[in-house]
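What follows is a set of notes on a single structure, which appears directly below.
The values are calculated or read from the model by the stated rules, or taken from the named source; none is laboratory data. Nothing here was measured: the structure is a model prediction, and the numbers come from that model. Backbone-built Cβ (ideal geometry, glycine too); neighbour counts: all protein chains shown.
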Amino acid sequence: MISETRRRAYLDAMQVASWLPRTELPFAAPSRLHLLEPLAPADPVALPAPTPAVVSASVAEPAGAAQAATAARPRVHLPEPAKAEPVEEPSVAAAPVQPSEPPPRFALQLLRAGSVLLLVELPTGEPFQSRDPAYILLKDILRAARLPDSPQQVGDGEPIRWPLLHKGSLDQGAEAARDYVQGVLMVELEQMGCDCIWLVGRPALRYAGEADEQALCRELAIEGIGQALALPGLEQLMEDPASKAQLWRALRRSMSRWSIGAESSR
């Protein structure tokens, strides 16, 4: 049971001025007896009786007198109101609601091979295994570029996955993904620099290099990060062997970057 103070607060909130409980309430204040007394019936208002003269005059008045008085009044002809033409309201075209784009989905692995930092798209979304065809192809490319063919994982080895959260109000669009990927690269470069960055695959090229497929097999100058080499994805190289020739030409043009860095470090 609630106290009398709280009970009255509830009643005031419900705009109840007076009430009577069906049973006696504990901790309740004593009832006010004047509220329990029945209300006295109101006295009827006596209307004055009509005099006989008024009644006889109203009965004796002929019905035609009212009609004659109405006919004697002059008729006033009021002009008919002009019909208002409908005003066409200007139609306001509702702005089309653009559906929000779903957040991008990708998984990137950050590796280091000698003086080269690699940001590689994971074809399956999972970290590389030693027998994965994509990982074997990556080792062959590193060997052809005269780099260590056993790249080391950076940090805790966990891939860079996007989106970060599957639910929630956090902005996880393309711009947020780009800022996140570039932020990870900047942190790694502050700890240990490199002579060149390989961006392998479309997500690495788009969200780290801010470029499209037209920049494949070319060098990029990324503001705040440095020089990068845009390379096709490993899955694309396995499905399209002709793209390996373009890859090899790009590696030969840029090989001096990491070769000179490796010789100067000896």
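Going through region 136-148 one residue at a time, which ones are part of a loop (DSSP other than H, G, I, E, B) and either without any contact (Cβ under 8 Å) to a residue 24 or more places away in the chain or of a type in the set (Gly, Ala, Ser) (or both)? Give the derivation first.
Step one: list which residues in region 136-148 are part of a loop (DSSP other than H, G, I, E, B), which gives 145-148.
Listed by number, the list holds a single entry, Ala145.
Being farther than 20 Å from Gln246 by Cα, part of a strand (DSSP E or B) and out of contact with any Lys or Arg (no Cβ under 7 Å at 6 or more places or on another chain): is that true of Arg161 here? Please lay out each step first, then the result.
Numbers: farther than 20 Å from Gln246 by Cα: yes; part of a strand (DSSP E or B): yes; out of contact with any Lys or Arg (no Cβ under 7 Å at 6 or more places or on another chain): yes.
Yes: the conditions hold for Arg161.
Anything in region 216-242 that is among the small types (Gly, Ala, Ser) and at pLDDT below 90? List them, or say none.
Scanning region 216-242 gives Gly224, Ala242.
Taking only pairs six or more apart or across chains, which ones have beta-carbon atoms under 6 Å, a first residue in region 229-242 that is under 29 Å from Cys194 (Cα atoms), and a second residue that is of a type in the set (Ser, Thr, Tyr)?
Cβ pairs passing all conditions: Leu229/Ser254; Pro232/Ser243; Leu237/Ser243.
Take the residues of region 170-182 that are farther than 17 Å from Leu205 by Cβ and exposed (fewer than 13 other Cβ atoms within 10 Å of the Cβ): which is modelled with the lowest pLDDT? First the steps, then the outcome.
Our first condition is that a residue be farther than 17 Å from Leu205 by Cβ; within region 170-182, this holds for 170-173, 176.
Checking the rest, the ones that are also exposed (fewer than 13 other Cβ atoms within 10 Å of the Cβ) come to 170-171.
On the way: Leu170: 72, Asp171: 76.
The extreme case among them is Leu170.
Can you work out which of the residues in region 151-169 that are surrounded by 11 or more Cβ atoms within 10 Å (Cβ to Cβ) and free of Cβ contacts under 8 Å to residues at least 40 places away in the same chain is farthest from the chain's Cα centre (by Cα)?
So, considering only residues that are surrounded by 11 or more Cβ atoms within 10 Å (Cβ to Cβ) and free of Cβ contacts under 8 Å to residues at least 40 places away in the same chain, the one farthest from the chain's Cα centre (by Cα) is Gly157.
What tally of residues in region 182-240 results from selecting those that are over 25 Å from Pro133 (Cβ atoms) and part of a helix (DSSP H, G or I)?
The number of residues fulfilling the criteria is 13.
Restricting to region 202-215, what's the tally of residues that are surrounded by 16 or more Cβ atoms within 10 Å (Cβ to Cβ), in contact (Cβ under 8 Å) with a residue 24 or more places away in the chain and touching a helix residue (DSSP H, G or I) at 6+ places or on another chain (Cβ under 7 Å)? I'd like the intermediate steps shown before the answer.
Narrowing region 202-215 to residues surrounded by 16 or more Cβ atoms within 10 Å (Cβ to Cβ): 202-209, 211, 215.
Narrowing further to those that are in contact (Cβ under 8 Å) with a residue 24 or more places away in the chain: 202-208.
Remaining after also requiring touching a helix residue (DSSP H, G or I) at 6+ places or on another chain (Cβ under 7 Å): 202, 205, 207-208.
Total satisfying the criteria: 4.
Quick one: is Val181 within 15 Å of Gly155 (Cα to Cα), within 29 Å of the chain's Cα centre (by Cα) and in contact (Cβ under 8 Å) with a residue 40 or more places away in the chain?
Values: within 15 Å of Gly155 (Cα to Cα): yes; within 29 Å of the chain's Cα centre (by Cα): yes; in contact (Cβ under 8 Å) with a residue 40 or more places away in the chain: yes.
In short, yes.
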